[in-house]
Structure formats: C-alpha cells, structure tokens
1. Taking the stretch 41-63, which residues are within 19 Å of the chain's Cα centre (by Cα) and modelled with pLDDT of 90 or more?
2. What do you reckon, is THR91 in a loop (DSSP other than H, G, I, E, B) and among the hydroxyl-bearing types (Ser, Thr, Tyr)?
3. Name the residue, out of ALA258, ALA320, ALA245, that is under 17 Å from the mean Cα position of the chain (by Cα) and of a type in the set (A, V, I, L, M).
4. Would you please list the contacts, defined by Cβ atoms under 6 Å and residues six or more apart or on different chains, that run from a residue in the stretch 296-317 that is touching a residue at least 24 places away in the same chain (Cβ under 8 Å) to a residue that is surrounded by fewer than 20 Cβ atoms within 10 Å (Cβ to Cβ) and small (Gly, Ala, Ser)?
5. Select from the stretch 211-258 the residues that are of a type in the set (D, E, K, R), more than 23 Å from ASP23 (Cβ to Cβ), outside any loop (DSSP other than H, G, I, E, B) and out of contact with any strand residue (DSSP E or B) (no Cβ under 9 Å at 6 or more places or on another chain) and list them in ascending order.
6. Taking the condition of being out of contact with any Pro (no Cβ under 7 Å at 6 or more places or on another chain), buried (at least 18 other Cβ atoms within 10 Å of the Cβ) and closer than 23 Å to GLU74 by Cα, how many residues in the stretch 1-25 meet it?
7. Being among the small types (Gly, Ala, Ser), out of contact with any Asp or Glu (no Cβ under 6 Å at 6 or more places or on another chain), surrounded by fewer than 17 Cβ atoms within 10 Å (Cβ to Cβ) and not assigned by TED's automatic domain parsing to the domain that holds ARG118 narrows it down to one of ALA211, ALA230, so name that one.
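The values are calculated or read from the model by the stated rules, or taken from the named source; none is laboratory data. No experiment lies behind these values; they were computed from the predicted model shown. Using ideal geometry, Cβ is built from the backbone for each residue, glycine included, and neighbour counts are taken over all protein chains shown.
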Amino acid sequence: MSRPVAAIFRSALFNASERFIQDQAASLTRWQPVMVGLERKGALLPGLEEGLILPANRAERRLFRLRGRGGGIEQRLREIGPKLVHAHFATDGLLVLPLARALGLPLVTSLRGYDVTRTDASLLRSGNPAWIRYVLLKERLQRRGALFLAVSDALREKAIAGGFPAERTRTHYNGVDLERFHPGAETREPGLILHVARLVEKKGTATLIDALARTPDARLVIVGEGPLRADLERRAGPNVRFLGALPSDEVAAMMRRASVLAAPSITARDGDAEGLPNVVVEAAASGLPVVATRHSGIPEAVEDQISGLLVGEGDVGALAAALAAALAAGPRMGEAARALAERKFDRRVQTARLEAIYDEFLSKADKNVK
C-alpha cells in the first residue's frame, strides 16, 4: 500500500448505530484505513473490505480479548506495517493497547460518550466483561494512550475531569457528508417531527412522546430500535409512528421531508450521556431545524434561537412549546442550520484535520528513525 496505513479498531464491526465510524474511515484520502475487529456485525462500506482483519476462529477471538494481542490479527498487522492504531470508544482503546505497544505504534482513541460519562458503579453492575475491565484498568489507557479525541468540547471537559490527560485530549468533530445530507427541493410536511435514535434512556424519547401530546396538529415519526421500544409504544398516542431502524439514505430522505428534528437527550440514571449525537449534525446539514436539550455537546451544533431551539433536560412543557415554535418558524432556522453545518461540520474539512493529526505521529516516527 502506497499510503500510510491506519489500523482502525472496533471490537464489533459494526453495531447498527455506528455508521459514523465507517464514514470517517471511508473519507480518508491520504491515509489507507485497514479495519480490524473481533466480530463482524454487518456490511462494510465500499473500500473498507480491503484488508479487513478478523480472528480466524472463536478461540483466537477469546485469546485476543484476554491478552489484547497475538494470533492472526497481530501477524497480519506486522505484515501490513501500519503507522498507528485508531480505536473507537475508550473500552476498545484499552482492549487494543497491548497490541499497539507490541507493534511499537501510537494509539489514538476516540471518546464518544458512555465511555466517559457512565459511572464506574454502573459499568461494574453491567456484567459486561469489557466494561468491568475498563473500570479496573482505565488508568493504564490514560497513561499510555498517545492521543484521545473527544467528539465535543463538552465531552473533552468531562474526560479531563475523569482522568484523561488535558495535554493529550483534543476535540475532533465527526463531520457530516454535506452531499448526502442536504436540503431537498420538495416541500416539507407541515407538523412532521422526526426523532432518530437508539431507544435508550439518554435519548429522551419518553419526554418527547409526552411533549407531543401537548403539541396540537403535530405528528411524530421515530426511527430506531432499542430495549425501550415496547414501553415507548405503550406510552405513545395515535400521532406517533415507530419505523424501526432504517438505512442511512432513507433517514437522509426523511430529513428532507420533516419540519423539525427532535433530540431531547438527557443524562440517564447511570450517568450515560451523549458526546454529540451525529443525527443533530446530519439534520443541520439537511436544513432541518433542531429542537433539543442543553445536554453535553448539543449546544455546539445548535445555535439557540437561530438554527434551532434548546430547552432544559426533561422539561416536557418547555419541549412542547419549543416544538410548536419551531414548526411555526418557517425556513429561516433551516437555512441557518445548513450554514452552521457547512461552517463547522463539513466532513471533508474534519477528515483533513484528522489526517493532519495522523501526520503528526508519522512525522515523529520519521524523526526517531533519523
């Protein structure tokens, strides 16, 4: 491979809600991504299948989870010769740290939300071996990881408060494809509110359903799956439709039809919180006003009273009033939202910034060789 190689590590390639990781990797131009994981969960984007590295069998997968290195994964990477490892979520950063150190490579870890915000107690109670191990050993990652990339300024502040080194923790926005997510020529459907989320507590879907009951002539379409779906369906009235998970292109098309995107995120009882929901940035790129909460990184992507409206977490009355106001606002907010996305979240710009970060490590490696 003529381009320097970045080994992109995610233990599960990929959970349905993690298209953004694939998008980021596929957008690299000067670096060659090689996807590395422990299990295949779905299709990869074109161009990411090349060089895909997975364990040869279940025993090799178990061994890697125990040791963080070895087997065919380490052998293949030694043959390819990547210049760095980029892990997504701190739990996976800790998992792959031994491999990065064995290969003599810098480890870049993206911090995305729960890996920073959930309490140690809740992670220990989860029963998830990777999460329990993370609680016990995360200081090792914080000491030895080369760089940490938080997806919002708000998450960076929380990460530093939780022990991540300030001098090695930066903010890096995911970015959005401004060609795939764009305003449409068709007329938006009056009263149509869109909510795209994994149906878990932190997404605030229950608050949204309660607010809709106070919003006359509005309809709510919910896209996404999750453990709370059955409870939320029982809570919902006749003006709420659940569509389940949809492909990204169908979500983009719905954003061109809707009048408002609702993202009323909250901090869950176990501390789980957002970093910066990608759907908020995608809506902005689609020229879709966002009604959301002042939660984590959301205010970094929604200019209150300009490109959308922000309310307090869990405030049903304020959320209902904001939804009604946004539905009545006309095109002004949508135009401002698109301008914000172009100014701050253009994926091409964010990819160039990420590759510049990669280049820093390449430059250091060259100096060390000399």
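1. First pass over the stretch 41-63, keeping only residues within 19 Å of the chain's Cα centre (by Cα): 41-45, 48.
Of everything in the stretch 41-63, those that are within 19 Å of the chain's Cα centre (by Cα) and modelled with pLDDT of 90 or more turn out to be LYS41, LEU44, LEU45, LEU48.
2. Numbers: in a loop (DSSP other than H, G, I, E, B): no; among the hydroxyl-bearing types (Ser, Thr, Tyr): yes.
So THR91 does not fit the description; no.
3. Numbers: ALA258 fails: under 17 Å from the mean Cα position of the chain (by Cα); ALA320 fails: under 17 Å from the mean Cα position of the chain (by Cα).
After ruling out the rest, the residue left standing is ALA245.
4. Note: pairs meeting the criteria are ILE306/ALA336; SER307/ALA336; VAL311/ALA318.
5. Keep residues of the stretch 211-258 that are of a type in the set (D, E, K, R), which gives 214, 217, 219, 225, 229, 231, 233-235, 241, 249-250, 256-257.
Subset that is more than 23 Å from ASP23 (Cβ to Cβ): 214, 217, 219, 229, 231, 233-235, 241.
Narrowing the set further to residues that are outside any loop (DSSP other than H, G, I, E, B) leaves 219, 229, 231, 233-235, 241.
ASP231, ARG234, ARG235 - these are the residues of the stretch 211-258 that are of a type in the set (D, E, K, R), more than 23 Å from ASP23 (Cβ to Cβ), outside any loop (DSSP other than H, G, I, E, B) and out of contact with any strand residue (DSSP E or B) (no Cβ under 9 Å at 6 or more places or on another chain).
6. 8
7. Details: ALA211 fails: surrounded by fewer than 17 Cβ atoms within 10 Å (Cβ to Cβ).
Of the residues listed, the single one that is among the small types (Gly, Ala, Ser), out of contact with any Asp or Glu (no Cβ under 6 Å at 6 or more places or on another chain), surrounded by fewer than 17 Cβ atoms within 10 Å (Cβ to Cβ) and not assigned by TED's automatic domain parsing to the domain that holds ARG118 is ALA230.
Okay, residues lined up against (1) over 28 Å from ALA87 (Cβ atoms); (2) assigned to a strand (DSSP E or B); (3) out of contact with any Cys (no Cβ under 6 Å at 6 or more places or on another chain); (4) at pLDDT below 95:
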position: LEU149; (1), (2), (3), (4): no, yes, yes, no
position: ALA154; (1), (2), (3), (4): no, no, yes, no
position: GLU157; (1), (2), (3), (4): no, no, yes, no
position: ILE160; (1), (2), (3), (4): no, no, yes, no
position: GLY163; (1), (2), (3), (4): no, no, yes, no
position: TYR173; (1), (2), (3), (4): no, no, yes, no
position: ILE209; (1), (2), (3), (4): yes, no, yes, no
